[in-house]
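A.B. asks: Sharing a structure below in structure tokens format, with a few things to ask.
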Amino acid sequence: MIRVIYFTDKAERLASSITEYTDLLDGRCGGVEDALSESFEKKIDLLFIGAAGIAVRLIAPYIKDKTTDPAVLCMDQEGRYVIPLLSGHIGGANDLARSIAAQTGATAVITTATDLEKVFAVDIFAKNNGLGILNPSAIKTVSSMVLKGESVPVKTKDPTLILQEETRRFLRPVRDDERPVINVVDKEWILSMLQLTGIDPYMPLPDRDTREDLLLDCGVSSRCLYLYERDLCLGVGCRKGTPVDDIFAFLRDCLFHKRLPMACLGSVSSIDIKKDEPGIIGLCGALKVPYYTYTAAELMALKGSFHSSEFVKEKTGADNVCERAAALTAGVTAERLVGRMKTDRVTLSIYRRGSI
């Protein structure tokens, strides 16, 4: 899904020919700043049809972090070129440029070095394996080694990560006598390290610069890229109109009780009748994670042992929303970490992602 902003009549006609959009916005009629603020908050991809300079000036106040910013692209009104400007890898701007180019006949102008050299990109690796990036500044160390043809030493408890066909040419296990350049850490490490730095592990991570400075102060190497498990799938049910603050506060209490870092949450899911629920959407924005919804039939078709409520079934068509939604997102070999927990207005459940 993409939001298209245009500035001329010719650009409007081109925008109308692109099928993957959420809405079209005439940049001559105002409202651009509000649309950009929403896009960066909710991670809605953006395509500007017009001069690249206009796009750069407009998005500049909203840019924060390559790991959380939405994909931003620019296209000329003649439809000749489509250029990723922001979040080429993690945000998917490079792939989106190729998709738009295929639809319109334009040329996708890809400028990231790892794409041009057709080599390993660690941010894509992290995204594909459900890993978060703790200190993005160290990405350049990994990319520099790969572009020089050097293999990257990796420390991980899961050797399958570096034995994948697309990665084993670039990655290798760390030897006993060397320091890793990539360290894939677990939830306990994240919990301990955040507490050591003074960061509350049961809140969203602070901005990139703040957390990297705190990590450096605690002796964490700036030349090692720390990737962390982001495999917790949160299922949510709530009464209509429940404020985001109520959901967030209850979630924080649940995570504290189970010693699960908030940074490790990778998704939020619920039933489709809650797809526009402001409180849940606001929670996803705060966590910067995708929001998945399922029909009552999809939830009820899931096999397994779940808490059952006739009241919930009468209201929604499914006897349990939070557990079933979390389990469905997490996959068939998922592990339940938090069963149904509830207040008067909110139910939550957390599953650890398994195989699909």
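The values are calculated or read from the model by the stated rules, or taken from the named source; none is laboratory data. Keep in mind that what you see is a predicted model, and the values were worked out from it rather than measured. Cβ: placed from backbone, ideal geometry, glycine included. Neighbour counts: every protein chain shown. Please note that ligands, DNA and RNA were not included when accessible areas were found on the heavy atoms of the full protein model with its side chains. Shrake-Rupley method; radii C 1.70, N 1.55, O 1.52, S 1.80 Å.
A.B. asks: Using alpha-carbon pairs under 8 Å, 6+ residues apart, how would you state the relative contact order of the range 89-159 in percent?
C.D. replies: 24
A.B. asks: How charged is the neighbourhood of Gly279? Take every other residue with its Cβ under 12 Å from the Cβ of Gly279, and add Lys/Arg as +1 and Asp/Glu as -1.
C.D. replies: 0
A.B. asks: If you don't mind, another one. For the chain, what does the helix formula give at 222 nm: sum of -39500 (n - 2.57) over DSSP H segments with n ≥ 4, over the residue count, nearest 500 deg cm²/dmol?
C.D. replies: Rounded to the nearest 500, the figure is -10500 deg cm²/dmol.
A.B. asks: Let me ask something else. Take Ser305 and Cys218, extend 7 Å from each Cα along the Cα→Cβ direction, and tell me the distance between the two endpoints in nm.
C.D. replies: Simple spin-label model gives 3.7 nm for this pair.
A.B. asks: Could you tell me which GluC sites (Glu not before Pro) in the range 159-234 are loop residues by DSSP with no more than 11 other beta carbons within 10 angstrom of their beta carbon?
C.D. replies: Glu165, Glu166, Glu178
A.B. asks: Using a 1.4 Å probe and ignoring any ligands, DNA or RNA, find the accessible area of Leu234 and quote it in Å² to the nearest 10.
C.D. replies: 0
A.B. asks: So what does Leu328 come to for accessible area, using a 1.4 Å probe and Å² rounded to 10?
C.D. replies: My reading of the accessible area for Leu328 is about 50 Å².
A.B. asks: When N is the residue count of the chain, what does its C-alpha Rg come to as a fraction of 2.2 N^0.38 Å?
C.D. replies: Details: Rg = 21.6 Å, N = 356, 2.2 N^0.38 = 20.5 Å.
Here the Cα radius of gyration is 1.05 times the empirical estimate.
A.B. asks: Could you do me a favour and compute the accessible area per residue for the chain, 1.4 Å probe, result in Å²?
C.D. replies: 49
A.B. asks: Quick one: of the DSSP bridges fully inside the chain, what percent are antiparallel, nearest 5?
C.D. replies: Expressed as a percentage, antiparallel bridges in the chain total about 35.
A.B. asks: Let me ask something additional. How large, in percent, is the carbon and sulfur part of the accessible surface of the chain at a probe radius of 1.4 Å?
C.D. replies: The C+S portion of the solvent-accessible surface of the chain is 51 percent.
A.B. asks: Test of the criteria: in the range 33-119, which trypsin sites (Lys or Arg not before Pro) are in a DSSP loop and have at most 14 other Cβ atoms within 10 angstrom of their Cβ?
C.D. replies: Answer in residue order: Lys64, Arg80, Lys118.
A.B. asks: How are the alpha carbon pair distances in the range 162-281 distributed across 10 Å bins from zero to the largest one, expressed in percent?
C.D. replies: In order of increasing distance, the bins hold 11, 34, 29, 19, 7, 1 percent.
A.B. asks: Another question, if that's okay. Under 5 Å between amide hydrogens, which residues at least 5 positions from Leu73 or on another chain qualify, with H placed 1.01 Å from N in the peptide plane?
C.D. replies: It is Leu46, Leu47, Phe48, Leu85, by chain and number.
A.B. asks: With 22 Å as the limit, write out which pairs from Lys240/Lys275; Lys64/Lys258; Lys240/Lys303 have Cα-Cα distances beyond it, or answer none.
C.D. replies: Violating the 22 Å limit, Cα to Cα: Lys64/Lys258; Lys240/Lys303.
A.B. asks: How high is the relative contact order of the range 197-271, given as a whole-number percent (alpha carbon pairs under 8 Å, six or more residues apart)?
C.D. replies: 49
A.B. asks: Under 15 Å Cα to Cα from Lys10, which aspartates and glutamates show up? Leave out anything in the same chain fewer than 8 places away.
C.D. replies: Asp26, Asp76, Glu78
A.B. asks: Using alpha-carbon pairs under 8 Å, 6+ residues apart, how would you state the relative contact order of the chain in percent?
C.D. replies: Contact order relative to length: 11 percent.
A.B. asks: Using DSSP to define loop residues, name the trypsin sites (Lys or Arg not before Pro) in the range 153-211 whose beta-carbon has at most 14 other beta-carbon atoms within 10 Å.
C.D. replies: Loop-located and lightly packed - Lys157, Arg168, Arg169, Arg175.
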